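This report concerns only the one structure given below.
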Protein chains: 2
Amino acid sequence: MILKGNVVHTPAPDQAEVREGAYLVGDGETIVGLYDVLPPQYRGQPVTDYGSALILPAFTDLHLHAPQILNRGIGYDLELLPWLERYTFPTEALFADLSFAETVWKHLLNHLWEVGTLRFSAFVTVHKEAAWKLMELSEASGLRGLIGKVNMDRNSPDSLREDTAASLADTEELICRARAELNHTGFILTPRFVPSTSPALMEGLGRLGEQYDLPVQSHLSENLSEVDWVARLHPDIPTYTEVYDRFGLLRQGKTIMAHAIHLSPGEKALLKERKVTLAHCPLSNANLSSGIMPLADNLALGLDCCIASDVAGGNTAAMTSSITSAVQTSKLRRLNSPEAPPLPLATAFYLATHGPGRFFGRAGAFLPGYSFDALVVEPDPLDALVERAPLERLEQFLYHGDSRNIAARYCAGALTPRPFPSL
Amino acid sequence: MILKGNVVHTPAPDQAEVREGAYLVGDGETIVGLYDVLPPQYRGQPVTDYGSALILPAFTDLHLHAPQILNRGIGYDLELLPWLERYTFPTEALFADLSFAETVWKHLLNHLWEVGTLRFSAFVTVHKEAAWKLMELSEASGLRGLIGKVNMDRNSPDSLREDTAASLADTEELICRARAELNHTGFILTPRFVPSTSPALMEGLGRLGEQYDLPVQSHLSENLSEVDWVARLHPDIPTYTEVYDRFGLLRQGKTIMAHAIHLSPGEKALLKERKVTLAHCPLSNANLSSGIMPLADNLALGLDCCIASDVAGGNTAAMTSSITSAVQTSKLRRLNSPEAPPLPLATAFYLATHGPGRFFGRAGAFLPGYSFDALVVEPDPLDALVERAPLERLEQFLYHGDSRNIAARYCAGALTPRPFPSL
C-alpha cells in the first residue's frame, strides 16, 4: 500500500512534521516508512496519488458514550448529576431493547467513520446484549474499538441498577467471549464512576482486571458536587483518585480517566505514577459547566493526557471540534491564569491522534511499525481559492472542516468503506 | 405563501415560542401571521407542508469580514494586532484584483446561504470596486446585506492605507450609487477601528453619516493592547467609546460595535444612551485570546447585544457555532464570576435572529409585519431515530447540525435558491 500526498502528523507532542508530496508506504496493517522519494524497492508498485490533498493520521477518541450519540446537544441547561438523572439514564435504559441498540450502533459506527474517528474507547450501557452487539458490529466495521459494558449497582435508577454479582458475571462473560470470537475489538472494564459503583463491585472489577490484564475506563473529578459526593461515600479514603486505586482500578499504563478537572497535587502524583491517561473533554466540560482541566499544567507535570469528545456531554463526535475547543478553552483559561500557556494546535492534534493511539499498540502517527491509519483531506471549494501550506490546510480542516472534507479513510492498512452503507 | 411545520422562534429574548404543526402565512415579503388552524380566508390556497421539520427564523450575522472568509482558521497562534499585520492585511490586499474579488464574493454568498445566514452586515476592504462588486452580487443573491467599504488611513500597511480625502470620496460615491441602483442592499459606514482611522477621516465619516442618515459598524475594545493604543493615540479623549462619539460615529440606534469586551461603566452608559448594538463574537474572542464579553451583565444593563461570527477572527460563518459558543463561553466565565448567570440557549438564538434583525427593519421572528425569512431544518438520520420535541430538535441543530440539515431557505417571502449554482 503506497499513498502519496501532503503528509502532516505529530511524531511528538510539540512537533508537527510536514512532508509535501511524500510517499506513505505500508505493508499489511503496518507502516513501513514515509519517504520524499520512493525507495527503489517500491518502484513499479501502484501508488494512490492524492495530489495536494492532506494525508493525516485518523482520530482516536478515548472517551465517548455509545448510547448517548442520540443525546448530543440535549439538556445542557443542567450540570452533571441532574443531567445524568434527567437525560442520560432514561436514554441508556432504551438499550434493553436489542433491536433498537443494533440500529443505533450501526448509525454510530457509520458516524464515527464519517468524522474520521477510526479508533475509540466507548462506554456502552449496563446491558450485556447491547454491549456484545456493539462489539460484534465494531469488529465488522473495520474500525478499532475498545468497548465496555457499564457497571453500576448503586445510586442509579431502577432501570439501570445491577445486582453486584450479576454485573460481574456479565462482565466476565463478555471478556471471555470477546477473547474467543473477536480479533480487532477489545473489552475495557467500565465502572461508570465511583458514586454508582459499590465497593464490592469495584473490588470485583479490579480482580477481573488483574486476572485478564484488562484496560479500564471511568470518570474522575468532573464536577465539584460529584467530588463532594465521593468524599461522603468514602470518608475513609482521602481522595477520589485513591478510591479507584484502592480497588485496583488504576491499572498501570492501561487506564483512561475522563475529565480529571479538580485534582490535588497528591492525586496528580498518583495518576502519574500509575501512568493513567487523563481524557480532557473541553466541550463537555463547558456544556455541563464542569470547569477547565489545567491541561498545560498537567502536560508539564508529565501526566499522560488526550483529548476526547465525551459524547454526549460533548455535543459532537467530530474530534476536529474537540481539538479546537481545547485550544480555545486553554486561551480562555489564561484570562484568569495568565501563567498558563495556550495549547498549540499541533499539540492538540497530537492529543487526538498519536497520544491516545498508544491504547491500540502503536497508532496515530506515520512512524515505522505504527498501524497504517490515515485520513485523506481535501479543502472545500472556498478554501481552495488560495494556495496554502499544508499546516494551514490542517488548521482550516480542524477549525471549520467536517466530514465532507474527508475523501478517504484507511484503518489498519485497508481503505475502509462506510461500515453500514444501506442505512 | 403558506408553510406548515413545527415552528420555533423567539418573540422576546427570554421566550422561545413553539408551535407544532402551525401555519406560517405570508403576503409578499411580509408575515401575516402564525396559526395553529389555517384561517378560513386562506383555505384552498397551496400549503407547503414540511411535516415534522422545524421552521426557524433565518440567521442574521451583524459582524463579519467578507474577504476574511478565506482565512477561517488561519493564524490563531497570535493575538489581534500581530494577527492583523501578518494574516489579515495581506489577504485583504488581494482584493485590489476585481476578478479575484468577484470569485470570492460568489463563494461567500453561496456559503452564507448554505449556512442559513440570509441577512448580514459585512466589512469589505478599502477597495471601492471590490465593495461595489459585493453590493451588486449581494443584490442579485436574494440575501439581504449591509455592506461597507473599509476606511483606513493611518497605522496601516502601504497596500491598504488610503488618502483621507480619497477614502471619503470613494465612500460617498458608493453611498450614492447604492441608493441609485440597489433596492435590497444597504451601505454601512465602516471605519476599521480607531487605530487605523485618523481624526479627519472619522470626522468626515461622521458627516457622511449625518448627511445620508447611515448605519455605522466598527470595532470597540476587543483587546487590551488595542485599548492601550487608542488611549495613546487620543490622550485628550477619556475612553475608546468616546472617541467614536466625538466624531459622530455612534449614530443613534444605527451603530454596530463588535466585541466591546473591556468597557468601563461610563462607556456602557454612553453605549446604552446611543442604543449601540454590541456584537458579541465568542469564537473570535477565544481564538485571539481577547477575553469574554460579559454578555449577561450587558443584557441586564439594558444594552442592545447580538451574537456574530466575526469571520475570520471567528473560525466559521455558521451561526450555529457562534450561538453555542456564546452559551459555552458564558458557562466558562461563571467559573470565575459565579454571580453571572449562564446564557440560556433560547436567548442566544434570539441574539442571532430577532435581536439583530432590527437592522433590517423587522426581521428574525415570526411576528405579523416581520419579513418572511425562514429556514426549514430536518434532523439527520441518527437524530431521527428517536422522537424529540421541537425545542430539542432546535438544540440538536444548534449544537451539532450543519448546512446539510437545512432543507429550504426563505428570504423576504421567496424560496431562495443557491445564489451562484454554477460554482
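The values are calculated or read from the model by the stated rules, or taken from the named source; none is laboratory data. The shown structure was predicted, so the numbers you read here are calculated from the model rather than taken from an experiment. Counting neighbours? That spans all protein chains shown, and the Cβs are built from the backbone with ideal geometry, glycine included. We work out accessible area using only protein heavy atoms, side chains counted, and drop any ligands, DNA or RNA first. Shrake-Rupley method; radii C 1.70, N 1.55, O 1.52, S 1.80 Å.
With N set to the residue count of segment A:339-423, report its C-alpha Rg divided by 2.2 N^0.38 Å to two decimal places.
Here the Cα radius of gyration is 1.27 times the empirical estimate.
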Checklist entry - Over all pairs of distinct alpha carbons, what does the Kirkwood formula give as the hydrodynamic radius of segment A:9-57, in Å? => result 12.2 Å
Checklist outcome for this item: Residue-ordered couplings for segment B:34-48, obtained by feeding phi - 60° into the Karplus form 6.51 cos²θ - 1.76 cosθ + 1.60 and rounding to whole Hz (Gly and Pro as x), are 10, 10, 6, 10, 5, x, x, 5, 9, 5, x, 8, x, 10, 8
Item to check | Probe 1.4 Å, protein heavy atoms only - accessible area per residue of the protein assembly as shown in square angstrom | outcome: 33 Å²
Checklist entry - Out of B:Ser221, B:Leu143, B:Gly266, whose Cα points farthest toward the positive end of the dipole of chain B (charges: +1 Lys, Arg; -1 Asp, Glu; placed on Cβ)? => result B:Leu143
Checklist outcome for this item: For A:Asp97 and A:Ser225, extending 7 Å from Cα along the Cα-Cβ vector and measuring point to point gives, in nm, a value of 2.9 nm
Checklist entry - Are there residues in segment A:303-318 whose accessible area shrinks by at least 40 Å² when all protein chains are included rather than the chain by itself, and which are they (probe 1.4 Å, ligands and nucleic acids not counted)? => result A:Asn315
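Rounded to the nearest 20 Debye, what is the dipole magnitude of segment B:143-286 about its Cα centre when Lys and Arg each give +1 and Asp and Glu each give -1 at the C-beta?
Result for segment B:143-286 is approximately 480 debye, rounded to the nearest 20.
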Checklist entry - Quick one: which bits of segment B:362-400 get at least 40 Å² less accessible when the partner protein chains are in, versus the chain alone, with a 1.4 Å probe? => result B:Leu382, B:Leu385, B:Val386, B:Arg388, B:Glu395, B:Tyr399, B:His400
Checklist entry - Under unit Cβ charges (Lys, Arg +1; Asp, Glu -1), what dipole magnitude, rounded to 20 debye, does segment A:59-358 have relative to its Cα centre? => result 780 debye
Checklist entry - Bin by bin, in steps of 10 Å, what percent of the Cα pairs in the protein assembly as shown do you find, going until the bin that has the longest distance? => result 2, 13, 22, 24, 20, 12, 5, 1, 0
Checklist entry - Based on Cα positions only, what radius of gyration and what Dmax would you give for segment A:177-263, in angstroms? => result 13.6, 42
Checklist outcome for this item: Per the charge dipole of segment B:59-360 (beta-carbon charges, Lys/Arg positive, Asp/Glu negative, Cα centre), the residue among B:Tyr240, B:Ser325, B:Gly313 reaching farthest to the positive end is B:Ser325
Next on the checklist: Taking the alpha-carbon distance from B:Lys275 and a cut-off under 19 Å, which lysines remain once sequence neighbours fewer than 8 residues away in the same chain are dropped?
Outcome noted: B:Lys254
Checklist outcome for this item: Quick calc, B:Ala200 & B:Val386: beta-carbon distance into FRET formula, R0 35 Å, rounding 0.05, result 0.05
Checklist entry - For segment B:41-72, which residues drop by 40 square angstrom or more in accessible area between the chain on its own and all protein chains together (1.4 Å probe)? => result B:Leu70, B:Arg72
Next on the checklist: Nearest 5 percent is fine: what portion of the DSSP beta bridges confined to segment A:1-153 is antiparallel?
Outcome noted: 50 percent
Next on the checklist: Suppose the chain between B:Ala140 and B:Ala12 were pulled fully straight at 0.36 nm per residue; how much longer would it get relative to their current alpha carbon spacing?
Outcome noted: 42.9 nm
Checklist entry - For the Cα atoms of chain A, what angle does the longest principal axis make with the long axis of helix A:98-115, in degrees from 0 to 90, nearest 10? => result 40 degrees
Checklist entry - Among the lysines, which fall within straight-line cross-link reach of B:Lys133, defined as a Cα-Cα distance under 23 Å, with same-chain neighbours fewer than 8 residues apart omitted? => result B:Lys106, B:Lys149
Checklist entry - Looking only at B:Glu392, B:Glu20, B:Glu136, which one moves most when chain B is put into a Gaussian network model with springs between Cα atoms under 10 Å? => result B:Glu392
Next on the checklist: With a 1.4 Å probe, what is the total accessible area buried between chains A and B, in Å² rounded to the nearest 100?
Outcome noted: 3900 Å²
Item to check | Compactness of segment A:115-207 - radius of gyration and Dmax, Cα, Å | outcome: 13.2, 39
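Could you please put A:Leu182, B:Leu278 in sequence from largest to smallest accessible area, using a 1.4 Å probe?
The most accessible residue leads, giving A:Leu182, B:Leu278.
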Next on the checklist: If you split all Cα-Cα distances of chain A into 10 Å bins from zero, what percentages do you get per bin, shortest first?
Outcome noted: 5, 23, 33, 25, 11, 3, 0
Checklist entry - Rounded to the nearest 10 Å², what accessible area does A:Arg388 show when all protein chains are kept and the probe is 1.4 Å? => result 50 Å²
Checklist outcome for this item: Two pseudo-spin positions, 7 Å from Cα along C-beta at A:Arg334 and at B:Glu339, lie apart in nanometres by 2.9 nm
Next on the checklist: How tilted is helix A:390-400 with respect to the longest principal axis of chain A? Cα atoms for both, answer in degrees (0 to 90, nearest 10).
Outcome noted: 40 degrees
Checklist entry - Per residue, what volume in Å³ does the convex hull of the Cα atoms of segment A:268-423 enclose? => result 157 Å³
Checklist entry - Taking the Cα atoms only, what angle lies between the long axis of helix A:199-212 and the longest principal axis of chain A, rounded to 10 degrees? => result 40 degrees
Checklist entry - What percent antiparallel are the DSSP beta bridges of the protein assembly as shown, to the nearest 5? => result 40 percent
Next on the checklist: Give the separation of the Cα centroids, segment B:183-253 to segment A:164-240, in Å.
Outcome noted: 60 Å
Checklist entry - Setting aside same-chain residues fewer than 8 positions from B:Lys272, which aspartates and glutamates have a Cα under 16 Å from its Cα? => result B:Glu242, B:Asp245, B:Asp297, B:Asp304
Next on the checklist: Multiplying the sequence separation of B:Leu301 and B:Leu367 by 0.36 nm and subtracting their Cα-Cα distance, what value in nm do you get?
Outcome noted: 21.2 nm
Checklist entry - What gaps in nm, shortest first, separate B:Pro11 from its twins in the other copies when you place the label 7 Å past Cα toward the beta carbon? => result 6.5
Checklist entry - Roughly how many percent of the accessible protein surface of chain A is carbon and sulfur, given a 1.4 Å probe and a whole-percent answer? => result 51 percent
Checklist entry - Between Rg and the Kirkwood Rh of segment A:226-349, both from Cα atoms, what is the Rg to Rh ratio? => result 0.97
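At a Förster radius of 25 Å, what calculated FRET efficiency corresponds to the Cβ-Cβ distance of A:Asp213 and A:Lys272, to the nearest 0.05?
Approximately 0.70, to the nearest 0.05.
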Checklist entry - Among rounded, prolate and oblate, which fits segment A:83-157 when a ≥ b ≥ c are the square roots of the eigenvalues of its C-alpha gyration tensor, a/c under 1.5 means rounded, and a/b larger than b/c means prolate? => result prolate
Checklist entry - Taking segment A:44-113, how much of its Cα-Cα pair set, in percent, is spaced more than 13 angstrom apart? => result 75 percent
